[in-house]
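The values are calculated or read from the model by the stated rules, or taken from the named source; none is laboratory data. Note that the structure is predicted; figures quoted are calculated from it, not measured. Please note: Cβ atoms are built from the backbone with ideal geometry, for glycine as well, and neighbour counts cover all protein chains shown.
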Amino acid sequence: FTGEYGAVFIFSLVITHTFVDFIPSTLFGVPDDETVLSILPAHRLLLGGRGYEAVKLTVIGGLGAFICSCIFFFPLFSFLSNLFLKLSPYIGYLILVSVIYIILFEKTWKKISFALLIFFLSGSYGYIVLSGHLLPEDRALFPVFSGLFGLPNLLLSMKTCTSIPFQVIDGKVHVKMPSLICSILKGGAAGMIVSLFPGIGPSHASALLSVRSSSRQFLISVSGVNTANAVFGLAVLYALGKSRSGALMAIRSITDCNAHTVGILLSSGCIACGVAALSTLALARIIIKIVLMINYRYVSMISCGLITVTVGLMTGVIGFLILGIGCCIGLLPVFMGIRRIHCMGVLLFPILIYYIHI
């Protein structure tokens, strides 16, 4: 594919990916850097018989964020450059305040101490892995996130859950309209920030969005981050000439990013958004029915095996070590009785060093 046709194809794939990507993290606990934190609230809903609702919430968040992003797409151009310049010096301090708030959100001083320990432990782990060039940057995140979040979640499922309960597949979502709209707007705003600033990814934004959010509100917001990031990334490419992802780099290499092309891409993205939403819900219904017929402990074991084998094939012995150490750190919050969100120090600590030179 070349020219506008190729750009339409790539952008449609990007939008579709932001929807379908939540199925494996919800139903199998297999993470990537965009869905890593959605595993925990989605898995809670799955074990409560609301796995389909979890997927539907991510679809609603993605659709809402896409609509909001398109509404603010062109008005954003007039002040995008100024916004980037004005916020850049303060973004590190905003993240630092958010991290402190996340840690202090624990109920007791003992748990706050544990949270600090996990944050710095995972942060040191992340800094060594990501800054020490132990693996190529594009491969390092898979064993890191699989170790911190994927394997611990699957191991705990193997221990406590032999089968998933009956799943309710209906059109209901248990979120009030004001909370739903607020969650969509939070996800859209976070997606814009992710698209603007290098070094801040969807997983960073997800960690900050988790504060004072219920499981359902969080799923709406985190899916909105990914979709809004895709749309606003196109705005950044058009306004600033900067590409924040491989897909946008590919688009820039095969076509000129002018107003005409942007209009075509947004139109194709709108179609892809609708098709992806319907396809994700249909696929989720099919997979849930299949999973219900299988011993979930076996599903978790197979998922663990696939993750381990894939890490080995992609990253070798070093990847195995990173995976194992990450798994040990990822299990600690469970035994300490604190939230696993503090393991996001793996990314937040290095990004703090990057922005404010701690």
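Data table
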item	result
Pair list, Cβ under 6 Å, 6 or more apart: the range 174-194 residue under 22 Å from LYS242 (Cβ atoms) and of a type outside the set (Ser, Thr, Tyr), other residue at pLDDT 85 or above and surrounded by fewer than 23 Cβ atoms within 10 Å (Cβ to Cβ)	GLY188/CYS68
Residues within the range 101-135 that are over 21 Å from the mean Cα position of the chain (by Cα) and under 20 Å from ALA190 (Cβ atoms), tallied	1
Restricting the range 249-271 to residues that are outside any helix (DSSP H, G or I) and more than 28 Å from the chain's Cα centre (by Cα), the residue that is farthest from ILE10 (Cα to Cα)	ASN258
Positions within the range 127-154 being of a type in the set (Gly, Ala, Ser), assigned to a helix (DSSP H, G or I) and surrounded by fewer than 24 Cβ atoms within 10 Å (Cβ to Cβ), in sequence order	SER131, ALA140
Residue check for ILE112: touching a residue at least 12 places away in the same chain (Cβ under 8 Å) and of a type in the set (A, V, I, L, M, F, W, C)	no
Only one of SER124, SER157 that is closer than 28 Å to LEU27 by Cα, among the hydroxyl-bearing types (Ser, Thr, Tyr), in a helix (DSSP H, G or I) and touching a residue at least 40 places away in the same chain (Cβ under 8 Å)	SER157
Count of residues meeting criterion [free of Cβ contacts under 8 Å to residues at least 24 places away in the same chain, part of a helix (DSSP H, G or I) and surrounded by fewer than 17 Cβ atoms within 10 Å (Cβ to Cβ)] in the range 228-248	1
Residue that is surrounded by the most Cβ atoms within 10 Å (Cβ to Cβ) [pool: residues in the range 18-67 that are modelled with pLDDT of 80 or more and outside any helix (DSSP H, G or I)]	ARG50
Candidates VAL346, VAL317, filtered to the one that is surrounded by 15 or more Cβ atoms within 10 Å (Cβ to Cβ), assigned to a helix (DSSP H, G or I) and among the hydrophobic types (A, V, I, L, M, F, W, C)	VAL346
Residue match in the range 280-289 (condition: surrounded by fewer than 18 Cβ atoms within 10 Å (Cβ to Cβ), of a type in the set (Val, Ile, Thr), at pLDDT 85 or above and over 23 Å from the mean Cα position of the chain (by Cα))	yes
Number of the exception - GLY224 against (1) of a type outside the set (A, V, I, L, M, F, W, C); (2) under 21 Å from the mean Cα position of the chain (by Cα); (3) surrounded by fewer than 21 Cβ atoms within 10 Å (Cβ to Cβ)	(3)
